[in-house]
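These notes are about the structure you will find just below.
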Amino acid sequence: MSVLLTGGAGFIGSHTAVVLIESGYDVVVLDNFSNSKPSVIGRIEQITGKPCPCEEADLSDGPLVDAVFRRHDFDAVVHFAGFKAVGESVEKPREYYENNLIGTLRLIEAMTRRGVKRMIFSSSATVYRADNPVPYYEDFPLGATNPYGWTKVMIERILCDVCAADPGWGAALLRYFNPIGAHPSGRIGEDPNGIPNNLLPYVSKVAGGELPLLHIFGDDYDTPDGTGVRDYIHVMDLARGHLLALGYMRDRRGAFPFNLGTGKGYSVREVVAAFEKVCGRALPVRVDPRRPGDLPSVYANADRARKELGFTARLGLDEMCADAWRWQKRREEADGATAE
Ligand code: UD1
């Protein structure tokens, strides 16, 4: 079975590429490397010992995307490509709508022309309206508080409508909670440009000495220790979720939303404590005011993915932190090697 991974050189895409290749899929990565590095492809090949063909292309370039579809005979597409920084999306809404929506529409056009009617879409827990109670269930009302989140809501809507219009179409809408960790080899992991916005990459850089201290955004939430609670999921578990979703969608038509989380929430302080355990030292932190737009507590009800996909997260917070820390150290070594 041949699968195209748009954005396959990114954080979740690269881990999914490894899992799919190791499960016998023929994977082709399509990426414009706007937020990833071409060297990731070589690392996927090192880990799997198999080739990972890569097409450098931007989804907005219809003719180029069409040409990729003519060169290969895909059975399905896993669609990761998209801008994903919440704060940036508020500053540059037009760019976010254009890149994420137009890119997806071009991709659907190219798929339709070649009769490819299976998509696994990289959605987010951010599609749940902020006033929903936790845990989140898939049938809760959708909404967003920023343009990035709205692009996810809108793309889910587009895919539901495409599936309704063509009974041959099938799409899995995978709503990720907070993916962290890295491949246990330490060869691939999260590599954000500039200063990270998300907790784990920030904590890793504090542990690695690249940043002086972690700012905890508020400790006066109505949570057990006052800091924000999230459903962190190991990126290798998440990658396996895509493998299961591809199998699930093989004989199904229609649009199917799934939460991919562990169903368990950890606070910022619990994450910091787990990371301190693996890196072997206390991390400097300072409590700052709440970050605008943050919710006290977000976690999944993970029943549907368990019952329908057979998906349960296997790796806990300690493994997530240990793998993130291994990746941080290996990356430092690699950076040092390049600098010499
Ligand atoms: C964020 C995005 C979400 C996106 C997800 C990707 C926002 C409002 N939401 O989710 O749309 O899908 O990333 O993983 O940006 N924290 C600190 N200090 C830091 C960074 C974070 O205390 O330097 C806290 C936050 O307040 C929060 C928790 O850590 O309680 C997790 O934050 P983060 O990793 O940014 O993820 P989310 O905000 O859940």
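Scoring ASP237 on the criteria (1) touching a helix residue (DSSP H, G or I) at 6+ places or on another chain (Cβ under 8 Å); (2) buried (at least 22 other Cβ atoms within 10 Å of the Cβ) leaves a single failure, condition (1). Filter region 253-290 down to residues that are away from the ligand (no atom under 16 Å from the Cβ) and either among the β-branched types (Val, Ile, Thr) or in contact (Cβ under 8 Å) with a residue 12 or more places away in the chain (or both), then give me how many there are. Final tally of qualifying residues: 8.
Of all residues in region 229-252, none are within 12 Å of the ligand (Cβ to nearest atom), of a type in the set (Lys, Arg), over 18 Å from ILE120 (Cα atoms) and assigned to a helix (DSSP H, G or I).
Out of ILE180, ILE158, ILE188, which single residue is over 27 Å from THR262 (Cβ atoms) and among the β-branched types (Val, Ile, Thr)? Working first, answer last.
Numbers: ILE180 fails: over 27 Å from THR262 (Cβ atoms); ILE188 fails: over 27 Å from THR262 (Cβ atoms).
Answer to the selection: ILE158.
Just a yes or no: is a residue in region 158-174 within 12 Å of the ligand (Cβ to nearest atom), in contact (Cβ under 8 Å) with a residue 24 or more places away in the chain and of a type in the set (D, E, K, R)? No, the conditions are met nowhere in region 158-174. In region 190-219, the residues that are in contact (Cβ under 8 Å) with a residue 40 or more places away in the chain and under 18 Å from ARG269 (Cα atoms) form Cβ pairs under 6 Å with partners that are near the ligand (Cβ under 7 Å from one of its atoms) and of a type in the set (A, V, I, L, M, F, W, C), at six or more places apart or across chains, as follows: VAL203/LEU214; VAL206/LEU214; ILE216/VAL268.
Take the conditions of a type in the set (Gly, Ala, Ser) and either at positive phi or buried (at least 22 other Cβ atoms within 10 Å of the Cβ) (or both) and apply them to ALA165. Does it pass? It is false that ALA165 is of a type in the set (Gly, Ala, Ser) and either at positive phi or buried (at least 22 other Cβ atoms within 10 Å of the Cβ) (or both). Residue-level check: of (1) modelled with pLDDT of 95 or more; (2) within 8 Å of the ligand (Cβ to nearest atom), ASN197 misses just (1).
The values are calculated or read from the model by the stated rules, or taken from the named source; none is laboratory data. The model shown is predicted, which means the values in this text are computed figures rather than measured ones. Cβ: placed from backbone, ideal geometry, glycine included. Neighbour counts: every protein chain shown.
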